[in-house]
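The values are calculated or read from the model by the stated rules, or taken from the named source; none is laboratory data. The model shown is predicted, which means the values in this text are computed figures rather than measured ones. Glycine also receives a Cβ, built like all others from the backbone with ideal geometry; neighbour counts cover every protein chain displayed.
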Amino acid sequence: MRAIAFAFVLLAGCTADRDGDDDGGGRDAAGAEVANRLSAMSIEPGLWETTSAITDVSAPHLPYDLRRRMIGPRPSARGCIAAGQAARFIAGRACSYSGVAMDAGRLGGTMTCPDPALPRPTIATIEGNYGPRRYDFTMRMETAMPDGAAMILDISGRGRRIGDCPAAAREGGRK
């Protein structure tokens, strides 16, 4: 479920047009504002499958063997998503969003998330495609290491609706 929630957080950061009209396109936005825009987004509820892979990693003094182990696909995840679930997930986040765009099946934007345990915020820039039953993206994420150096991860991912949720999940149970 975390992979699905993460993917929708990425989509949530990209819910405005680039056309510069009064819908908020191209300006900074807070999590609550992005969640409000996300609630109007047409994502089909149901059982979703997500896959992702780290395609590159760089950081000062990163041992080659560790870098090699980090690169590659991650296990796929399946989980049920309700229509309003993504908006509830993002609303409590302290992230800010800039350059956000979601128009004609394309998405893009930057999400900046502070972490008091780190010397600077994590910054994720995303580009991709979306639809009510699928999405795919590439993302570059820069995060601070405890010593203040930056680690940069290039990530690709995709998600797709694969069916209806099992009855137990629709009724609030766990599956």
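Structure data summary
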quantity	calculated
Gly159 vs. criteria modelled with pLDDT of 90 or more, touching a strand residue (DSSP E or B) at 6+ places or on another chain (Cβ under 9 Å), buried (at least 17 other Cβ atoms within 10 Å of the Cβ) and more than 23 Å from Arg67 (Cα to Cα)	yes
Some residue of segment 102-113 being at pLDDT below 95, acidic (Asp, Glu) and touching an Asp or Glu at 6+ places or on another chain (Cβ under 9 Å)	yes
Condition broken by Gly148, with the remaining ones in (1) crowded, with 17+ Cβ neighbours inside 10 Å; (2) part of a loop (DSSP other than H, G, I, E, B) satisfied	(1)
Residue that is in a strand (DSSP E or B) and at pLDDT 65 or above, where the choices are Arg68, Arg78	Arg78
Selected residue (only one of Ala124, Ala104 is touching a residue at least 24 places away in the same chain (Cβ under 8 Å) and either of a type outside the set (Asp, Glu) or surrounded by fewer than 18 Cβ atoms within 10 Å (Cβ to Cβ) (or both))	Ala124
